[in-house]
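Written out below as structure tokens is the structure these notes cover.
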There are 4 protein chains.
Amino acid sequence: MCVIWQQASAHVDVLLPGYTHLQRAQPVRLAHHLLAWAEMLERDRGRLSDAARRMNECPLGSGALASTTFPLDRERTAKELGFDRPTRNSLDAVADRDFLVEAVSALANCAVHLSRICEELVLWSSQEFDFMRMSDAFTTGSSMMPQKKNPDMAELVRGKTGRVVGDLVNLLVLLKGLPLAYNRDLQEDKPPVFDAFDTVNSCLEVLAGALEGAVFKGDVMARALREGFLDATEIADYLAARGVPFREAHHVSGRLVGKAARAGKTLAELSLEELRQEHASFEQDIYPALEPETIVERRDVQGGPARNRVQGALQELQERLSQRGIQMT
Amino acid sequence: MCVIWQQASAHVDVLLPGYTHLQRAQPVRLAHHLLAWAEMLERDRGRLSDAARRMNECPLGSGALASTTFPLDRERTAKELGFDRPTRNSLDAVADRDFLVEAVSALANCAVHLSRICEELVLWSSQEFDFMRMSDAFTTGSSMMPQKKNPDMAELVRGKTGRVVGDLVNLLVLLKGLPLAYNRDLQEDKPPVFDAFDTVNSCLEVLAGALEGAVFKGDVMARALREGFLDATEIADYLAARGVPFREAHHVSGRLVGKAARAGKTLAELSLEELRQEHASFEQDIYPALEPETIVERRDVQGGPARNRVQGALQELQERLSQRGIQMT
Amino acid sequence: MCVIWQQASAHVDVLLPGYTHLQRAQPVRLAHHLLAWAEMLERDRGRLSDAARRMNECPLGSGALASTTFPLDRERTAKELGFDRPTRNSLDAVADRDFLVEAVSALANCAVHLSRICEELVLWSSQEFDFMRMSDAFTTGSSMMPQKKNPDMAELVRGKTGRVVGDLVNLLVLLKGLPLAYNRDLQEDKPPVFDAFDTVNSCLEVLAGALEGAVFKGDVMARALREGFLDATEIADYLAARGVPFREAHHVSGRLVGKAARAGKTLAELSLEELRQEHASFEQDIYPALEPETIVERRDVQGGPARNRVQGALQELQERLSQRGIQMT
Amino acid sequence: MCVIWQQASAHVDVLLPGYTHLQRAQPVRLAHHLLAWAEMLERDRGRLSDAARRMNECPLGSGALASTTFPLDRERTAKELGFDRPTRNSLDAVADRDFLVEAVSALANCAVHLSRICEELVLWSSQEFDFMRMSDAFTTGSSMMPQKKNPDMAELVRGKTGRVVGDLVNLLVLLKGLPLAYNRDLQEDKPPVFDAFDTVNSCLEVLAGALEGAVFKGDVMARALREGFLDATEIADYLAARGVPFREAHHVSGRLVGKAARAGKTLAELSLEELRQEHASFEQDIYPALEPETIVERRDVQGGPARNRVQGALQELQERLSQRGIQMT
């Protein structure tokens, strides 16, 4: 989380394409993209925290299933052993493992998040995207192909997702259909739980290391913003702001994209005359409107990619971390 | 939940064997057993409630991924639309479905709980256990075998577990490895989510109906308590309370179980003389100590099966329900 | 498999209730029941064997993905290395792991089979069923409850199912969405595969041991056949054979079950007069027709529980084992 | 399958980079890549075919569990009803559904294959790869972004994988721990089975349509082959063939990659002098050796990408299809 915050803080002014359907869609700040990762992981943290709160009950005194003849003050022993409260029913305390399912579910959600982040690292490290260079410690060469620099760590973390999802399914199958109270099957609950925690933990460490040493290539990202007509929406917005019905504005924009594509140009490389052939409302001020920086800054709502919004989000995350005793500077 | 409370309230004085390893272990109150089910379902409720709280964020204004140029007051629109707050990051809002995984995980936990309750209903409805009779509406006869009364509803609910666990795996596989932000794969998130909610909902309704009309056979349960040496622990406790080291007390108890088994008797049917052949400390007061009622009442700790503890647990559950606007009487 | 065959061979003349919905339904031979287990496991064997056949291809010469410049005779090296043939496409050979999914699927099917067999062992070991006694090596006592003899091994094997199903899901999630050819994620294929084989292997060994020392209680099974009206079908068949329309015969049978149940009798304990009150067609020969042995012997079709059919099935299984070099005597 | 064959036949002479770790590795023929997909799907076909063969047994005569008193010739009825043989054990026939698990496992394997193919279609349709253009019928535009052409069908098919894996887990959970013979839970086997078949079927149809209309961009692929040093292996091979120890040859190749990268050149753009600065063995014939076409043709082993090998593979697939009554021309 800290590494994401640091890299995001350092890349507020780097723009890259935001994608939908793996197609370039609209420009965003790299910091904004990295903060999306942070939000995903923050929710995972919240879920684990809820799980910890719910499971923090002391079963001591539940006996084999029917509690104990020993006159135990269970409220007190629970407190003294560091639990929030005693479990409520001796049979239930002995029989259930739903709290483990809950924790491993949260870990599976987290593992899927990591798989998505790693998918992006793998994409961004490809020659086709070329948005980043991972540090040597987190890539490997090839014994056969001396030119290669493979994002192995990201792939391994992505591959570990299956393991955690498998652990979750293991637990659910294990518990299915067991009558109360204790059955020896329950002894098998430990391997998947320990494995899920260990796996996600080590994945987080590896990912933090990989991100820390990653170099993001702002210039390549900027070049990618020039191609793919990410400013087509702006054309439509520009016209709409000048009173053109949105449907018509959208069609004009589409035609201009076609015209530019055929000419091998970007929209901004079309002359004012070429633009006006499709609609008379274009003026010289269309050109600054097509700048990626302008496009991003116009998206100035809470949760959006405009500079001050991203700065606010960084500060807000810093405060959340600070409340957990982690000081970012 | 209400039906469990009602049946539990009505069966505070019915005792049955508590099982471990599906072996009769120690006597408990039927109400205590039913309240274990209630605790399981209450935690499921807590998890769904946490999930609802976490997901109650308004994505409006996230646009296609890069928010919107429209100057939206997202705090205000979120409140007006009944959300707790707006989502924090436009890319994340568009890309993630972890809140669905969380909700369906909670439902999968609940489905597994239902499978366990239904396993017990099926067992208890067998000729071998014969602890209950389900009402005709929730059983079926057989076209070929006129004597049969099958607990079909309990079996169907147990069978539906697979469906909900399958829905959960569906979602996790769906999300695995998707780059940000939106991908059309995400359209496939709805069928498993709706299916999981609908399935668990209808299972809960069927189960409530089945429990409402169920008749528990206290006399059969009482008979089961006589066989299986559920009072063997008491023998050991009795001796231990008279200063016999626990290890020795345990051995004496084991030998007496063997002796009684060979003689085709219960422990309480052994004469004082027979008991004393194994240890001199036995007195006449061993016999009342072997009564199931005594055994249960001696387990008088919080969360235990003693009468006042079960009454307390019933009242406490009643209060929880009352806070949710459900009045039990 | 051998142990099942042995136990089945030794118990051709023991009858027990066959169950549907965990309700006693119709009598079968214990050998017939055990042979059902054998068939389940035989199919698992067939699946593993198909998987082995399909995967027995030699990837040597596939290189990193684009084969090799070395003039390899792949047909020959494949044969010499003990494979059936070389893989067909160098990219596919490097990229795919579907053969592992296939093998682990077969193992998951087997694990589910073992869970079902073990569920029966647990049921049959309960005081309620009391159909068998597992040997001491495969049960454990209780530290707290000296009377207990818990079927721990059967429970553990049942619990291991989750592990193998989890391994399968692990592999499927791992592979989902990976582009060709090799990705480092694939390194993670080994733990679930080895774990699934090891788990199923050790479960089979444990189960074989548990079955070998198991003592089946034919007398208790016989007693269970007396209760539960397993002969109700015979009443209907008896009447139908005497020209009574089946629907009417079925109703008569149902009414007689009710009458007997109210009187606390079995059907065979109803007098001829009582039977005739419901239908005039009953003769003295109804009584032998209600004997479990008669009932079973009347089911004399291939795959049925009649003595000669079960003997035939045993012999047929013996031959299958013999073809695999396993001599049963 | 036919569409893959057709597209492969039409693209024997198109070269593209083969990838490992999503890094360009070595050139292959597009036909070779498409044939890798064909092999994956052929194995799925084989598995379904094995499953069909194994399950093609007639349960008629198994009755409720204990077969029937009707003197049925089960061999004959099985044949007449189109089955290969009757089931072997009446209890097993009623109780098991492993054949459904097997079929849905094969479908899950296939769904994962489709997810991998679709991942490649999505990658290849991105502006970064730009290796193909899918036909309009299988892409969608964007309401907000007029420039977009999203590979929705490929994404949807990829997303459906979760559904089929979920169906498989559904079945396994359903069956886990059920005692013999019939339990009503088994009624729940149908939805996941039908859903899995329907889903995979429609995915195959959609994919066939998408591939049929796809246009592959050989020129872009050729350009991608120029960058990324896919010929680095050839440098090492070239030297090794001239007696340079492989380890040294590999190091020379690595140094030349570094030198070329720094100079912004491809390996083939380095002068003979520049090459010789790293090793004296280079001659003029190194340049043709670095041509992608040469590289591919040197890989002339069975299953490799050389022209005649790919032609052979196409013909061999054509014959397999022909044996199934499908004539490709």
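The values are calculated or read from the model by the stated rules, or taken from the named source; none is laboratory data. All values reported here derive from a predicted model rather than from experimental measurement. Neighbour counts are summed over all protein chains in view; Cβ atoms, including those assigned to glycine, are modelled from backbone coordinates with ideal geometry.
Just a few scattered comments:
- Residue satisfying all of: in the stretch A:275-287; in a helix (DSSP H, G or I) and touching a helix residue (DSSP H, G or I) at 6+ places or on another chain (Cβ under 7 Å); nearest to residue A:241 (Cα to Cα) among these: A:286
- Of the numbered criteria (1) β-branched (Val, Ile, Thr); (2) farther than 21 Å from residue B:21 by Cβ; (3) within 22 Å of the chain's Cα centre (by Cα); (4) surrounded by fewer than 23 Cβ atoms within 10 Å (Cβ to Cβ), the one residue C:139 fails is (2).
- Scanning the stretch D:319-329 for residues that are closer than 14 Å to residue D:10 by Cα and polar (S, T, N, Q) yields a single hit, D:329.
- Selection from the stretch D:72-99 of residues that are within 16 Å of residue C:299 (Cα to Cα), outside any loop (DSSP other than H, G, I, E, B) and hydrophobic (A, V, I, L, M, F, W, C): D:91, D:93, D:94
- Filter result for residue D:106 (part of a loop (DSSP other than H, G, I, E, B) and either crowded, with 24+ Cβ neighbours inside 10 Å or more than 7 Å from every other protein chain (Cβ to nearest Cβ) (or both)): no
- From A:288, A:292, residue being more than 8 Å from chain B (Cβ to nearest Cβ), at negative phi and surrounded by 17 or more Cβ atoms within 10 Å (Cβ to Cβ): A:292
- Extreme residue, surrounded by the most Cβ atoms within 10 Å (Cβ to Cβ), among residues of the stretch C:295-308 that are touching a residue at least 12 places away in the same chain (Cβ under 8 Å) and more than 7 Å from chain D (Cβ to nearest Cβ): C:296
- Scanning the stretch A:92-103 for residues that are at the interface with chain B (Cβ under 7 Å from one of its Cβ atoms) and either within 18 Å of residue A:46 (Cβ to Cβ) or touching a Gly at 6+ places or on another chain (Cβ under 6 Å) (or both) returns A:101, A:102.
- Restricting attention to the stretch C:1-60, the residues that are small (Gly, Ala, Ser) and not in a helix (DSSP H, G or I) total 2.
- Residue list for the stretch A:119-140, filter: at the interface with another protein chain (Cβ under 8 Å from one of its Cβ atoms) and not β-branched (Val, Ile, Thr): A:119, A:120, A:123, A:125, A:126, A:127, A:128, A:129
- Residues in the stretch A:143-182 that are touching a strand residue (DSSP E or B) at 6+ places or on another chain (Cβ under 7 Å) and within 8 Å of chain C (Cβ to nearest Cβ) were compared, and the one that is nearest to residue D:229 (Cα to Cα) is A:145.
- Answer from B:232, B:236, B:249, B:263 - the residue that is surrounded by fewer than 20 Cβ atoms within 10 Å (Cβ to Cβ) and out of contact with any Cys (no Cβ under 7 Å at 6 or more places or on another chain): B:263
- Flag for residue C:295 being modelled with pLDDT under 95, closer than 30 Å to residue C:328 by Cβ and assigned to a helix (DSSP H, G or I): yes
- For the stretch D:256-273, the criterion of being touching a helix residue (DSSP H, G or I) at 6+ places or on another chain (Cβ under 6 Å), in a helix (DSSP H, G or I) and either within 19 Å of residue C:71 (Cβ to Cβ) or charged (D, E, K, R) (or both) is met by none of the residues.
- Single condition residue A:72 does not satisfy, out of (1) more than 29 Å from residue B:120 (Cα to Cα); (2) touching a helix residue (DSSP H, G or I) at 6+ places or on another chain (Cβ under 9 Å): (2)
For every residue, the table says whether it meets (1) within 7 Å of another protein chain (Cβ to nearest Cβ); (2) within 13 Å of the chain's Cα centre (by Cα); (3) in contact (Cβ under 8 Å) with a residue 12 or more places away in the chain.
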| site | (1), (2), (3) |
| --- | --- |
| A:49 | no, no, no |
| A:55 | no, no, yes |
| A:66 | yes, no, yes |
| A:69 | yes, no, no |
| A:78 | no, no, yes |
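- Residues located in the stretch B:298-315, provided they are of a type in the set (D, E, K, R) and either assigned to a helix (DSSP H, G or I) or closer than 10 Å to residue B:12 by Cα (or both): B:307, B:309
- Test: residue in the stretch A:189-207 that is surrounded by fewer than 24 Cβ atoms within 10 Å (Cβ to Cβ), touching a residue at least 12 places away in the same chain (Cβ under 8 Å), closer than 29 Å to residue B:119 by Cα and out of contact with any Asp or Glu (no Cβ under 9 Å at 6 or more places or on another chain): yes
- Residue D:10 being within 8 Å of chain C (Cβ to nearest Cβ), surrounded by fewer than 23 Cβ atoms within 10 Å (Cβ to Cβ) and over 27 Å from residue A:119 (Cβ atoms): no
- Listed by first and then second residue, the pairs with beta-carbon distance under 7 Å, at least 6 apart or on different chains, first residue in the stretch D:19-47 and within 14 Å of chain A (Cβ to nearest Cβ), second among the hydroxyl-bearing types (Ser, Thr, Tyr) and in a helix (DSSP H, G or I), are D:26/D:233.
- Among (1) over 30 Å from residue D:231 (Cβ atoms); (2) among the hydroxyl-bearing types (Ser, Thr, Tyr); (3) more than 8 Å from every other protein chain (Cβ to nearest Cβ) - the single one residue A:87 does not satisfy: (3)
- Being in contact (Cβ under 8 Å) with a residue 24 or more places away in the chain, farther than 20 Å from residue A:189 by Cα and crowded, with 22+ Cβ neighbours inside 10 Å is a property that holds for residue C:100.
- Among the candidates A:92, A:98, A:73, the residue that is closer than 22 Å to residue B:39 by Cβ and touching a His at 6+ places or on another chain (Cβ under 8 Å) is uniquely A:98.
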